[in-house]
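The values are calculated or read from the model by the stated rules, or taken from the named source; none is laboratory data. Everything quoted here is computed from the prediction, not taken from an experiment. Here Cβ is always computed from backbone atoms with ideal geometry, including for glycine, and neighbour counts include all displayed protein chains. Note: areas computed on protein heavy atoms with side chains; ligands, DNA, RNA excluded. Shrake-Rupley method; radii C 1.70, N 1.55, O 1.52, S 1.80 Å.
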Amino acid sequence: MSEKLVTEKEQNEAVEGLKRLVSKPSAYDQNTVSKTTPFGQGIDDALTEVLKIAKENGFKTFKDPEGHYGYAEIGSGDKIFGIIGHMDVVPAGDPNDWDSDPFTATIKDGYIYGRGTQDDKGPSMAAMFAVKALVDRGYQFNCRIRFIFGTDEETLWRGIAVYNKKESPIDFGIAPDAEKGLEQSYLVGPGMDDLSIDLKNAFNAVPAKAPYDGPKLDEVKASLDKHEFKYEDHGSDGITVVGKAVHAMNAPQGTNAVLRLAIALDDVFPNKVLDFFGKKFKEDATGSNLLGDVEDQQSGHLTMNISSLKIDKNETRMQVDMRIPVTVDHDELIEKLKKAAEPYDLHYEAFDYVAPLYVPTDSDLVKTLMSTYKDLTGDDTQPQISGGATFARTMHNCVAYGAMLPGTPDFMHQVNENWELKSMYKAMDIYAEALKRLCTD
């Protein structure tokens, strides 16, 4: 492996491609949905841009006429090696919370900042220009390498579902997205006459802020003080409970501002639904207080994130995101959740479920990927199961591979999302070597 596959040329091209993609704000936007932009104009703009970048670099491209997906392909042969990514992002939130414009990629002190740099525009560019490096070095592929770009990975995966209906299946592949089962649902109960709040956030992110300007404000602040929960006091404009945002798959590493506000509200407004937060669930991001210990040796502990809470006169509704260990029976877990919620007048409503993915570690695909990783890093870490829900599980013989190296801080779904360029370049080296071993003779 003395040959240097990825040079400074491809590194710079990947960064420039990433800058172009970051400049396309591509969170789901209901207001700009149309027959050709099913998830909003911003996502369609990002999809168009990534296909343009691919075409400029020698890939054949195709865009679904209805805007659900696109792909870029290079090489020839009957078999398809899929590299599956997505061009949508979670909302950036308040731009004032960022140190730089979330949609202008900014390089500072060896890091590139912007929404999508880690999830998933950065890894997609790293993989694409790793393939470009192999082309630049004169390698011929023994299969078709196809980059498949989804458009609503952060919501309901409808775009990739259309791809699977319309297109030929891949034979093997990776998702360069940094895998347990994913269950997203609602717990719904009666409303309240004396309290109205609407804390809306993405399912898959631990909320960092929870504003409140309702009744009994002083008592709510006193409760927050009692629990030693941090908040910002805006005087007559209310307060904002402050937490720490992380991806829902890492919920125990975050601080859930919505939960903290709900716990304080339970002290002030006697109510059975609020008791669910203050006396049962509390701040437990593993769900143990509610469901007991749910874990297995393959993929660790369940994670549970309650990201949104709406209370009005008609109902109380909260969003629940669970990452379920691969050997845990989904239906049995949901029954346990229903029974645990009943004493608090809450009932379960399904929203979305994606089954877990498990590819055996002794498969040729996994063995090649892991030997490449070990050879280039010296790290003998065994394959792990991620709590993240990636597009890998939508395809046959496909696994999540990278792109975050061990020790790389996780800024996905957070303000000031960034990726260290040195780590990005190392990921490119790993992708290039793995694809050389898998897709060239």
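Apply 1/(1 + (r/R0)^6) to the Cβ-Cβ distance of Asp225 and Asn416, taking R0 = 35 Å, and write down the FRET efficiency to the nearest 0.05. List each step's numbers first, then the result.
Numbers: r = 29 Å, r/R0 = 0.82.
The computed FRET efficiency comes out at 0.75.
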Discussion item. For the chain, what does the convex hull of the Cα positions come to per residue, in cubic angstrom?
Written reply: 145 Å³
Discussion item. With the alpha-carbon atoms as the only input, what is the per residue convex hull volume for the range 191-259 in Å³?
Written reply: 98 Å³
Item to complete: Quick one: accessible surface of Leu405, probe radius 1.4 Å, all protein chains present, in square angstrom to the nearest 10.
Response: 40 Å²
Worksheet item: In terms of Cα to Cα distance under 20 Å, which aspartates and glutamates are near enough to Lys339, apart from those fewer than 8 places away along the same chain?
Response: Glu183, Asp275, Glu283, Asp284, Asp293, Glu295, Glu315, Asp321, Asp329, Asp331, Glu349, Asp352
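Restricting everything to alpha-carbon atoms, can you work out Rg to Rh for the range 27-182 with a Kirkwood hydrodynamic radius?
Working: Rg = 16.0 Å, Rh = 16.4 Å.
Rg/Rh for the range 27-182 comes to 0.98.
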Worksheet item: Using 7 Å Cα-to-Cβ label points, what is the Thr104/Asp198 separation (nm, one decimal)?
Response: 3.2 nm
Worksheet entry | Most to least accessible of Glu73, Glu283, Glu295, Glu332 (protein chains only, probe 1.4 Å) | Glu332, Glu295, Glu283, Glu73
Worksheet item: If you look at just the Cα atoms of the range 157-209, how large are its Rg and its Dmax in Å?
Response: 18.6, 58
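From the C-alpha gyration tensor of the range 232-312, pull out the three semi-axes of the equivalent ellipsoid (sqrt of 5λ each), sorted largest to smallest, in whole Å. If you can, show how the numbers build up before the last one.
Values: eigenvalues 138, 53, 14 Å².
Over the Cα atoms of the range 232-312, the semi-axes work out to 26, 16, 8 Å.
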Worksheet, complete the sentence: Projected onto the charge dipole of the chain (unit charges on the beta-carbon of Lys, Arg, Asp and Glu, signs +1, +1, -1, -1), the Cα from Ser223, Ser124, Phe39 with the largest positive-side position is that of Ser124
Discussion item. Counting just the Cα atoms, what span does the range 48-126 cover along each of its three principal axes? Round to the nearest Å and put the largest first.
Written reply: 49, 31, 20
Worksheet item: Going down the list Lys209/Lys336; Lys108/Lys374; Lys24/Lys60; Lys226/Lys280, which pairs span over 20 Å between their C-alpha atoms?
Response: Lys209/Lys336; Lys108/Lys374; Lys24/Lys60
Worksheet item: Tyr186: accessible area at probe 1.4 Å, nearest 10 Å²?
Response: 40 Å²
Item to complete: Under 19 Å from a label point 7 Å along Cα→Cβ of Asp329: give me every residue in the range 265-296 with its amide N that close.
Response: 291-296
Worksheet item: In nm, what is the difference between 0.36 nm times the number of residues separating Asp375 and Lys216 and their Cα-Cα distance?
Response: 51.1 nm
Practice prompt. May I ask you to derive the relative contact order of the range 1-152, considering only C-alpha pairs under 8 Å and at least 6 residues apart, and to give it as an integer percent?
Written response: 33 percent
Discussion item. Just to verify a number: FRET efficiency for Thr48 and Ser76, C-beta to C-beta distance, R0 = 25 Å, to 0.05?
Written reply: 0.45
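With r as the distance between the Cβ atoms of Gln140 and Glu56 and R0 = 22 Å, compute the FRET efficiency 1/(1 + (r/R0)^6) and round to 0.05.
That gives a FRET efficiency of 0.60.
Suppose accessible area is computed on protein heavy atoms with a 1.4 Å probe; arrange Leu156, Leu309 from highest to lowest. Write down the numbers at each step before the final one.
Values: Leu156 55, Leu309 0 Å².
So the residues, ranked largest to smallest area, are Leu156, Leu309.
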Item to complete: Just the number, please: carbon plus sulfur as a percent of the accessible area of the chain, 1.4 Å probe, no ligands or DNA/RNA counted.
Response: 47 percent
Worksheet entry | Approximate spin-label separation Thr7-Asp97, in nm, with each point projected 7 Å along Cα-to-Cβ | 4.3 nm
Worksheet item: What are the semi-axes of the equivalent ellipsoid for the range 116-184, taken as the square roots of 5 times the Cα gyration tensor eigenvalues, largest first, in whole Å?
Response: 25, 17, 10
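Tell me, what are the semi-axes, in whole angstrom and largest first, of the equivalent ellipsoid of the range 1-101 as set by the roots of 5 times the Cα gyration tensor eigenvalues? Could the numbers behind the result be given before it?
Values: eigenvalues 151, 91, 21 Å².
After diagonalising the Cα gyration tensor, the semi-axes are 27, 21, 10 Å.
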